[in-house]
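Undergrad: This structure is in structure tokens; I'll ask about it shortly.
The values are calculated or read from the model by the stated rules, or taken from the named source; none is laboratory data. Just so you know, these numbers come straight off a predicted model, no measurement behind them. Cβ atoms come from the backbone with ideal geometry, glycine included; neighbour counts cover every protein chain shown.
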Amino acid sequence: MRRRIDRLAAGIKPIAADLNDPSTLRSLPSRLDVVYYTAAADESGEAAYRRAYVEGLDNLLVALAKRGGRPPRLIFTSSTSVYGQTDGGWIDEDSPTEPLGFAGRILLEAETLADAAMASCCLVRLAGIYGPGRTRLIRRARSGEASCTAGVYGNRIHADDAAGFLAHLGHMKSPESLYIGADDDPAPICDVLAWLAARLDSPPPRVVRSIDAPAARGNKRCSNRRLRSSGYQLRFPGYREGYANVLGQT
């Protein structure tokens, strides 16, 4: 389902609708087994986040309730930004959620809404997604002007594994209610940029001491133990395998 269905891949039966226009949600299919809520904000501001993750979700949940029949399983894609830890330690699904910014706070609000509305709800907190078309770190490394903060970890997942894991959950009989979607290697961002720079023949990143860097960002290592326990096999278990694949396509 999209506002612009011409952008969907071939072989998909499209539904033209707008999550923020309830009148377009009146013709949902009569039978739905799994609903994936993967909407994204079309702008970076707080109002856009609220439209995408809270208001749009609420409109869809109301439409699903009016449709009647057996409620589908809802798989809601959230983000590891709901965790605000800054000490570089390990976190998992049971760790406290203390977001540093409005994005994480709004996503937590949306998670609560989804979980309360659907008896069969699965929340997936995805780490930073990278892959074809998502090459921000590659562009930074290629510019030769990349900088990073010493000792700050980043968490990521290749787009193919993000999609693959979501599909895997849709076929599971009884998934857990919450997963972190990340790969096996929450590496320091400086290490990732240095690895990319070496393969792009670019200068290494300029490393900034943490005392000189802005404090308004998280620093954590996300455990994917529950993802692994689900039986899903990562195609790209770390950034080296994943970015080698992306560089081969760019």
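Undergrad: Can you list residue pairs whose Cβ atoms sit under 6 Å apart, with the first residue in region 49-71 being touching a residue at least 24 places away in the same chain (Cβ under 8 Å) and the second being in a helix (DSSP H, G or I) and of a type in the set (Val, Ile, Thr)? Count only pairs 6 or more apart in sequence or on different chains.
TA: Sorted first by the residue in region 49-71, then by its partner, the pairs are Tyr49/Ile106; Arg50/Ile106; Tyr53/Ile106.
Undergrad: Please specify each residue of region 164-198 satisfying the condition of being among the charged types (D, E, K, R) and either touching a strand residue (DSSP E or B) at 6+ places or on another chain (Cβ under 8 Å) or not in a loop (DSSP other than H, G, I, E, B) (or both).
TA: From region 164-198, those among the charged types (D, E, K, R) are 173, 176, 183-185, 191; that's our starting set.
Selection gives Glu176, Asp183, Asp191.
Undergrad: Of all residues in region 1-42 being closer than 23 Å to Ser79 by Cα and either over 23 Å from the mean Cα position of the chain (by Cα) or among the aliphatic types (A, V, I, L, M) (or both), which is surrounded by the fewest Cβ atoms within 10 Å (Cβ to Cβ)?
TA: Checking each candidate, the answer is Ala40.
Undergrad: What number of residues within region 204-226 are within 19 Å of Gly89 (Cα to Cα) and modelled with pLDDT of 90 or more?
TA: 8
Undergrad: Now, a different point. Out of region 158-174, which residues are within 18 Å of Leu247 (Cβ to Cβ) and either surrounded by fewer than 20 Cβ atoms within 10 Å (Cβ to Cβ) or free of Cβ contacts under 8 Å to residues at least 40 places away in the same chain (or both)? Steps first, please.
TA: Here is the first cut: in region 158-174, the residues within 18 Å of Leu247 (Cβ to Cβ) are 158-161.
Answer for region 158-174, where residues must be within 18 Å of Leu247 (Cβ to Cβ) and either surrounded by fewer than 20 Cβ atoms within 10 Å (Cβ to Cβ) or free of Cβ contacts under 8 Å to residues at least 40 places away in the same chain (or both): Ala159, Asp160.
Undergrad: Among the residues of region 77-92, how many are within 20 Å of Arg225 (Cβ to Cβ) and surrounded by fewer than 17 Cβ atoms within 10 Å (Cβ to Cβ)?
TA: 5
Undergrad: Still on this structure: Any residue in region 17-31 that is over 15 Å from Ile5 (Cβ atoms) and assigned to a loop (DSSP other than H, G, I, E, B) sitting within a Cβ distance under 7 Å of a residue that is at pLDDT 95 or above and acidic (Asp, Glu)? List the pairs, counting only those 6 or more apart or interchain.
TA: Asn20/Glu55
Undergrad: Count, please, the residues in region 88-105 that happen to be of a type in the set (S, T, N, Q) and either in contact with a helix residue (DSSP H, G or I) (Cβ under 6 Å, 6 or more places away or on another chain) or not in a loop (DSSP other than H, G, I, E, B) (or both).
TA: Quick first cut of region 88-105, residues of a type in the set (S, T, N, Q) only: 95, 97.
Now drop any that are not either in contact with a helix residue (DSSP H, G or I) (Cβ under 6 Å, 6 or more places away or on another chain) or not in a loop (DSSP other than H, G, I, E, B) (or both), which leaves 97.
Total meeting the criteria: 1.
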